Each structure stands twice: as C-alpha cells, then as structure tokens.
Amino acid sequence: MNNFISLIENFNLVDVFDIFFVSILLYRFFATIQGTRAVQVFTGLLTLASVYWLSLSFELYALNWLLKSFFDYFFIIVIILFQEQIRSALAMFGQLSFFGKKNKELYEQQIEEVVTACSALSRERTGAIVVFERKHGLLNYSSTGTKLDCLVHSDILYTLFQNNSPLHDGAVIIFQNKIQSAGCFLPLSKNIELDRHFGTRHRAALGVSEVSDAIVVIVSEERGNISICHNGDFYECESDKSLRRQLRSLLYLNVGNNKRLNMKAA
C-alpha cells in the first residue's frame, strides 16, 4: 500500500507523456499484426513466457536454462519474426499528418489508376475485386495469392482481371502504393441478410471488410455495376466521378455522404 501511495505522489507530467507514447507504440503494433500470422507468433511467445515463469516458480532447472538461453536473444528474435510488421509500422509513422500532402498524392495516383481500370472492366462487364489494405494487416489473405509487389497501374489491373488471366478469380490487394498480391482468396461473409443477387465477389468483399478496415472496390460481372464495401456496408458508385469521390472520402478518413446499398432483399 505504501509503495502505491509513493508511486502516486511521484507521478508527474513526464510520466503521463511516457505512458502515452508507449500506448501509441503498442496500439500501432497490435493494429499492424491484426489479421496476420504474426498474431499466432505473438501468442506463441506469450506462451513461452508463461512457461518460463512457471519454470522459475517450480524450480525446473533444465527447462529454465533452455528458456533463459532463448530469451537472452529475445529482441533479436522479435526483430526477425516481426520484420514485415515492423516495416509496416514504420511506414505508418511516415504517414502522419506532417507527411499528409505526400500521402494524399500517393492516394490520388492509386485512385486514378483504380478508377480507370474499373471503368474499363465495368463497360466490358468483367468482374473484379480490388482491396485497399490500411491499418489492419491482410498478410493472411495476400499470402494466398501470387506476390507481385509492383506499382499500381490501370493496365496491370485491367490485365489481371481478364478471363484468360490465371489470377482473374481472386482479389488484388493494394498496400503502400503497390499491388502486393493478385489472385487472393478472401473470407466470405456469413451475413444471412445479404441480398441473393450479390455473388461471391460481393460476399468476399463484405467478409474482409467485417474483419478489417480495408476498402474494397467490386465490379459486378453480371451487371457491370461498381460498388465499394467498407466496414460491413456497400456503397453504390453510379459513375467514374462517384467512384473517385467515394474513394477519396474513405481513404482520407472522411466517411460520409455515400449512397448506401440495401443489403436486405426487397
């Protein structure tokens, strides 16, 4: 009790900032690994830490020596295991407000390329699904496709979704101004209220938007309609201008003024 009182008495403004910055770092870390295999790796590390604590408590010398040798190199192991997530987290810090102008320019390039490709696919009634990965990691899904790691370009997107392309059935995932993977499999939504005229692409778009903050553009193969899915909702895009405006609205974190589609059967 005395220690707690002493801690409160010595608590000052510097400690508040210290806790604040540590909280931001932890939030960024967990937001980055969400939806990736890193979650299982992190859970495994926590399990090993628990076993290490038990080995100390019950004086299991052999197990304690083995785990102590492991945790002596803990930070190096973490860097190796989470190198992809660390790169993503550093990229997120590069997207803070003082880099806002550059970040907006990159989004503008991506938006124009996606709008151009989706408009052409819509006119030809060729189905497509394009996913903008944001803070929540989609490595679990991008790893199911073919890794491309190329710049976003309308010609590449258009070619990927042609019927004679081996990758046309899956989704394209865009992250950090690059097409990360194509032909990716996404989780299908289990929403029983989804209108039956929505096909597999729409269910996949809804599924990934339910488990992440991704923004998904869908081109319907049957009707050629273009729609956006975000946070479990569909938004209709009646023209290129509408698609461009709604992508800007969602990617710039200013959601609103979007025409929501009715998800229930009429």
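Scan region 236-254 for residues that are among the hydroxyl-bearing types (Ser, Thr, Tyr) and either at pLDDT 90 or above or touching a Ser or Thr at 6+ places or on another chain (Cβ under 6 Å) (or both) and jot them down. Explain how you work it out, then say what you get.
Initially, region 236-254 is screened for residues among the hydroxyl-bearing types (Ser, Thr, Tyr), giving 239, 242, 249, 252.
Matches in region 236-254: SER239, SER242.
THR36 meets all of the listed conditions (1) at pLDDT below 85; (2) in a helix (DSSP H, G or I) but one, namely (2).
Summed over region 67-124, the residues that are under 18 Å from ILE179 (Cα atoms) and modelled with pLDDT of 85 or more give a count of 12.
For GLN180, state whether it is of a type in the set (S, T, N, Q) and out of contact with any strand residue (DSSP E or B) (no Cβ under 7 Å at 6 or more places or on another chain). No; evaluated as a whole, the condition is false for this residue. Filter region 172-199 down to the residues that are in contact with an Asp or Glu (Cβ under 9 Å, 6 or more places away or on another chain) and not in a loop (DSSP other than H, G, I, E, B) and list them by number. Passing the criteria: ILE173, ILE174, PHE175, LYS178, ILE179, GLN180, SER181, GLY183.
The values are calculated or read from the model by the stated rules, or taken from the named source; none is laboratory data. None of the values given here were measured: they were computed from a predicted structure. Please note: Cβ atoms are built from the backbone with ideal geometry, for glycine as well, and neighbour counts cover all protein chains shown.
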